[in-house]
Protein chains: 2
Amino acid sequence: MTTTDKASPRDRLLDAAAQLFYRDGVSIGVEALCKSAGVSKRSMYQLFDSKDEMLAASLERRRPWYEAQLTAPDAEGATPRERILFVFERLEQASVTPEYHGCPYLAVLVELKDVEHPASVVAHQVKDRLEGFFRAWAEEGGAADPAVLARQLMLIFDGASARAGARIEHLDDGLVTGTAGALMDAAGMR
Amino acid sequence: MTTTDKASPRDRLLDAAAQLFYRDGVSIGVEALCKSAGVSKRSMYQLFDSKDEMLAASLERRRPWYEAQLTAPDAEGATPRERILFVFERLEQASVTPEYHGCPYLAVLVELKDVEHPASVVAHQVKDRLEGFFRAWAEEGGAADPAVLARQLMLIFDGASARAGARIEHLDDGLVTGTAGALMDAAGMR
């Protein structure tokens, strides 16, 4: 997610957008974004139809990095339970950094309050993909109802990220891995 | 939360603020709030030092109503488990209404991203009070670790309200009551 001066204006804008929307919220102005990216407003509007489109594109651009963060390095060799626990271990690790404000995709959904906004559509897709991974792993691990377990794990993931991002919860004592483990046990998962 | 024309300008402003901040987010402008309340900006600034103070006061004013919604009508006669499940049943019921956008206190925390904002302080208090109720009931019900179970229930509560508010989850099939029940069972609660 680092940007050099040699990056294209488009990439500079998208990286600035990802950073500032995450830190300050979706109401941040176009002027602040352009200033941070070192790109004129005129250039911005040549690249994107609107601020909304730019926000959506910045979330899309961040997706591969985000998903890689949640994927166990030895995913092939890991058991389904280990792959699920890795997601929550990563959440616990990320949540204690000073710059953590919760899951960027959930935050955008909460802030926009508009399911048809292009950025909400991207965020919804990213959330669905994570739920899909959970469901596949739950099935592979023999959970009684993989779809329900996946939805339960998403409740934990989003509740924990929102609460830790808002600094009303600390995840550094294994709260979420323990909760995920209890739900996997309750679902009869290996 | 209904307001008549006979309500004081202060109450009209606080009710309009609670409604509009919830529906549109904390970035809504002072002009829109004053217009909705039928109060001049000059009057508003005589009543409140700032928009931030007004937001905090509107959350504080809403608190008794919010907590009453989550309290079982026969709380004295109900078991601790029933009192906890009632909270999640109410969440399931509220989440299917068209005007639902998730827990108003969590939304403010996610949107403001500022733990020292006066509205964040109020929201944090409301969240801590609910967690305190969960902890007391968990203890009364014989949970192995009431503090941990209360934190787990808050993860579920906030995850479910955020996801249902963003319309990426539906709670009308008993997802959260079932999850809360599984966690109470895992904690050995009666």
Before we move on, is A:F48 of a type in the set (A, V, I, L, M, F, W, C), within 13 Å of another protein chain (Cβ to nearest Cβ) and touching a helix residue (DSSP H, G or I) at 6+ places or on another chain (Cβ under 7 Å)? no
Of the residues in region B:118-135, those that are more than 24 Å from B:S58 (Cβ to Cβ) and touching a residue at least 40 places away in the same chain (Cβ under 8 Å) come to B:F134
Report whether or not A:D49 is within 30 Å of B:G102 (Cα to Cα) and either without any contact (Cβ under 8 Å) to a residue 12 or more places away in the chain or in contact with a strand residue (DSSP E or B) (Cβ under 9 Å, 6 or more places away or on another chain) (or both). no
When both residues are 6+ apart or on different chains and their Cβ atoms are under 8 Å apart, which pairs have a first residue that lies in region B:75-92 and is under 11 Å from B:G181 (Cα atoms) and touching a residue at least 24 places away in the same chain (Cβ under 8 Å), and a second that is surrounded by 18 or more Cβ atoms within 10 Å (Cβ to Cβ) and aromatic (F, W, Y)? B:R81/B:W137; B:I84/B:F134; B:I84/B:W137; B:F88/B:F157
All positions within region A:133-152 that are closer than 19 Å to B:D173 by Cα and assigned to a helix (DSSP H, G or I): A:R135, A:P146, A:A147, A:V148, A:L149, A:A150, A:R151, A:Q152
Which members of region B:12-30 meet the condition of being surrounded by fewer than 19 Cβ atoms within 10 Å (Cβ to Cβ) and in contact (Cβ under 8 Å) with a residue 24 or more places away in the chain? B:R23, B:S27
What do you reckon, is B:E111 assigned to a loop (DSSP other than H, G, I, E, B), out of contact with any strand residue (DSSP E or B) (no Cβ under 9 Å at 6 or more places or on another chain) and either modelled with pLDDT of 95 or more or more than 14 Å from every other protein chain (Cβ to nearest Cβ) (or both)? no
The one condition in (1) in contact with a His (Cβ under 8 Å, 6 or more places away or on another chain); (2) crowded, with 21+ Cβ neighbours inside 10 Å; (3) of a type in the set (V, I, T) that A:T179 fails to fulfil: (1)
Check whether at least one residue in region B:121-132 is of a type in the set (A, V, I, L, M, F, W, C), within 17 Å of the chain's Cα centre (by Cα) and either over 22 Å from A:A164 (Cα atoms) or within 7 Å of another protein chain (Cβ to nearest Cβ) (or both), and report yes or no. no
For B:T177, indicate whether it is assigned to a helix (DSSP H, G or I), at pLDDT 95 or above, more than 7 Å from chain A (Cβ to nearest Cβ) and over 22 Å from B:A57 (Cα atoms). yes
Of B:L106, B:L171, B:L112, which residue is of a type outside the set (K, R), within 26 Å of B:D15 (Cβ to Cβ) and touching an Asp or Glu at 6+ places or on another chain (Cβ under 8 Å)? B:L106
Enumerate the pairs (first residue in region A:172-184 and closer than 14 Å to B:L153 by Cα; second residue anywhere and assigned to a helix (DSSP H, G or I) and among the charged types (D, E, K, R)) with beta-carbon separation below 7 Å, excluding pairs fewer than 6 apart on the same chain, so at least 6 apart or on different chains. A:L175/B:R151; A:V176/A:E92
Within region A:138-155, identify whether any single residue is under 23 Å from B:A144 (Cα atoms) and either of a type in the set (S, T, N, Q) or within 7 Å of chain B (Cβ to nearest Cβ) (or both), and answer yes or no. yes
Looking for something crowded, with 24+ Cβ neighbours inside 10 Å and either acidic (D, E) or modelled with pLDDT under 95 (or both) - is there at least one such residue anywhere in region B:133-153? no
Take B:R190 and decide whether it is over 17 Å from the mean Cα position of the chain (by Cα) and away from chain A (no Cβ under 11 Å). yes
Is it the case that A:D158 is at pLDDT 95 or above, under 21 Å from B:Y100 (Cβ atoms) and either assigned to a helix (DSSP H, G or I) or among the aliphatic types (A, V, I, L, M) (or both)? yes
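The values are calculated or read from the model by the stated rules, or taken from the named source; none is laboratory data. Bear in mind the structure is a predicted one, so any value in this text is a computation, not a measurement. Methodologically, a virtual Cβ is constructed for each residue, glycine included, from the backbone with ideal geometry; neighbour enumeration extends over all protein chains shown.
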